[in-house]
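The values are calculated or read from the model by the stated rules, or taken from the named source; none is laboratory data. What you see is a predicted model; the values in this text were computed from it and never measured. Counting neighbours? That spans all protein chains shown, and the Cβs are built from the backbone with ideal geometry, glycine included. Just the protein is used for accessible areas: all its heavy atoms, side chains included, with ligands, DNA and RNA removed. Shrake-Rupley method; radii C 1.70, N 1.55, O 1.52, S 1.80 Å.
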Amino acid sequence: MSVLSQPQFHCEESAFSWLEETLWPQGPVCPHCGGMGRIGKIKANKEARIRIGLHKCGDCKKQFTVKVGTVFQHARIPLHKMLQAVHLMCSSKKGISAHQLHRVLEIQYRSAWFLAHRIREAMRDGALAPFGGSGGIVEVDETFIGNDRDVKPKGEKKGRGHHHNHKVLNLVDRITSEKRSMVVDDLSAKTLVPILSENIAEEARVMTDEAAQYGKLSAHFEGGHGFTRHGQGGYVDLTDRAIHTNTIEGAFSVLKRGMKGVYQHCDKQHLHRYLAEFDFRYNNRVKLGVQDAERTERAVVRIKERRLMYRDSFSRAG
């Protein structure tokens with residue numbers, strides 16, 4: 001039997017029941033007043049235009065469904081199809097394009113594109129805890145994604161170098177095996193050092209390549225700064241084999257293959273959500289004991305208290 005044969009993926013009533021059990025483990029909670037004690041479920045009636053999953057709060061007298069206050073609020077796509085989309089995005093290592101969702105779910109392309117961004121918004125962690133606590137090792141590296149069309153007009157020769165690419169800074173904590181990615185405007189020490197100081201604990205030991213912007217990191221981190229000389233063909237320090245950035249290079253390979261082979265183009269205004277998608281899958285991967293079903297459930301739990309408005313998000317689709 002296929003995973004997508006489960007009831008919540010092809011039956012609307014089962015989809016609402018599954019989502020309610022996932023988001024309301026202690027019972028229904030009114031999103032308007034926070035009440036739990038006097039909530040009744042209204043039986044669905046298509047003729048009377050009473051929708052599936054409708055509840056009424058006895059305290060504030062307002063009606064609601066489990067989608068209210070989540071990224072799925074006001075979505076016109078059937079819930080069971082949206083749950084299919086969550087599972088497909090969570091189980092596809094390099095992502096799944098909006099065109100593929102459009103064909104598989106049999107919905108409009110723009111609806112599929114916006115739905116994918118709703119799900120990415122739910123995947124965003126927002127964690128502020130610094131990496132490398134208790135003197136752990138944190139690997140740091142940068143990469144370049146796509147083209148920044150604002151640097152030079154379309155059709156004008158770009159020239160050599162990466163000044164026209166989107167700049168992405170990545171951190172990997174070797175102890176927790178977690179990754180954190182962020183879009184940066186440039187790769188100067190003036191820009192990167194404050195970001196690293198905010199996201200990495202002072203007692204951490206930092207590993208980078210030989211790039212000039214990382215030259216004075218040892219002054220900011222008590223654990224010290226180790227680096228390898230990639231330009232000279234060195235990838236692991238022979239005197240201290242803990243000095244390398246192989247972990248983050250492996251994480252980058254998945255991101256680059258996904259952005260080039262699946263999504264192909266991404267505007268800078270949306271790039272942070274694509275990064276959140278790859279970070280989420282990396283931080284909830286099989287190697288850490290998280291299978292597809294659990295990864296999907298973890299993503300669904302995050303849809304609460306998050307909204308993404310269509311008018312504010314749609315631009316050139318990627």
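Report, in listed order, any pair from Lys94/Lys216; Lys94/Lys167; Lys41/Lys304; Lys167/Lys190; Lys46/Lys67; Lys81/Lys256 with a Cα-Cα distance greater than 26 Å.
Details: Lys94/Lys216 35 Å; Lys94/Lys167 20 Å; Lys41/Lys304 20 Å; Lys167/Lys190 15 Å; Lys46/Lys67 19 Å; Lys81/Lys256 28 Å.
Violating the 26 Å Cα-Cα cut-off are Lys94/Lys216; Lys81/Lys256.
Run the quick spin-label model on Met1 and Gln108: label points 7 Å from Cα toward the beta carbon, then report their separation in nm to one decimal.
With each label point 7 Å from Cα toward Cβ, the separation is 3.6 nm.
Which angle between 0 and 90 degrees, to the nearest 10, do you get for helix 292-301 versus the longest principal axis of the chain when only C-alpha atoms count?
The answer is roughly 70 degrees.
Taking only Cα atoms and a 10 Å spring cutoff, compute GNM fluctuations for the chain and point out the largest among Gly40, Gly69, Gly135.
Gly40
Report the FRET efficiency, 1/(1 + (r/R0)^6), for Ala44 and His99, where r is their Cβ-Cβ distance and R0 is 22 Å, rounded to 0.05.
My answer for the efficiency is 0.10.
How far is helix 12-23 tilted off the main Cα axis of the chain, in degrees rounded to 10, range 0 to 90?
On a 0 to 90 degree scale, this one is about 60.
If you line up the long axis of helix 109-123 against the longest principal axis of the chain, both from Cα atoms, how many degrees apart are they, to the nearest 10?
70
Residues of the stretch 66-81 with backbone nitrogen within less than 14 Å of a virtual label 7 Å along the Cα-to-Cβ line of His10, please, listed as ranges.
Hits in the stretch 66-81 for His10 at 14 Å: 80-81.
For the stretch 257-264, take each phi angle, set θ = phi - 60°, evaluate the Karplus expression 6.51 cos²θ - 1.76 cosθ + 1.60, and give the result in whole Hz per residue in order, putting x for glycine and proline.
Those phi angles translate into 5, x, 5, 7, x, 9, 8, 6 Hz.
Working with all protein chains in place, sort Ile42, Ile145 by solvent-accessible area computed with a 1.4 Å probe, largest first.
Values: Ile42 45, Ile145 15 Å².
The residues order as Ile42, Ile145, largest area first.
Keeping all protein chains in place and using 1.4 angstrom, which order do Lys190, Lys268 fall into by accessible surface area, from largest down?
Ranked list, largest accessible area first: Lys190, Lys268.
Can you sort Trp18, Trp24 by 1.4 Å-probe accessible area, starting with the largest?
Sorted descending by solvent-accessible area, the residues read Trp18, Trp24.
If I measure Cβ to Cβ between cysteines in the chain, which ones have no partner under 4.7 Å?
Cys with no partner Cβ under 4.7 Å: Cys11, Cys90, Cys266.
So what is the orientation-averaged projected area of the chain, using the convex hull of its C-alpha atoms, in nm²?
Over all viewing directions, the chain projects a mean Cα-hull area of 20.5 nm².
In the stretch 1-88, which trypsin sites (Lys or Arg not before Pro) are in a loop and have at most 12 other Cβ atoms within 10 Å, using DSSP for the loop call?
Taking the stretch 1-88 and a limit of 12 other Cβ atoms within 10 Å, the loop trypsin sites (Lys or Arg not before Pro) found are Arg38, Lys43, Lys46, Arg49, Lys61, Arg76.
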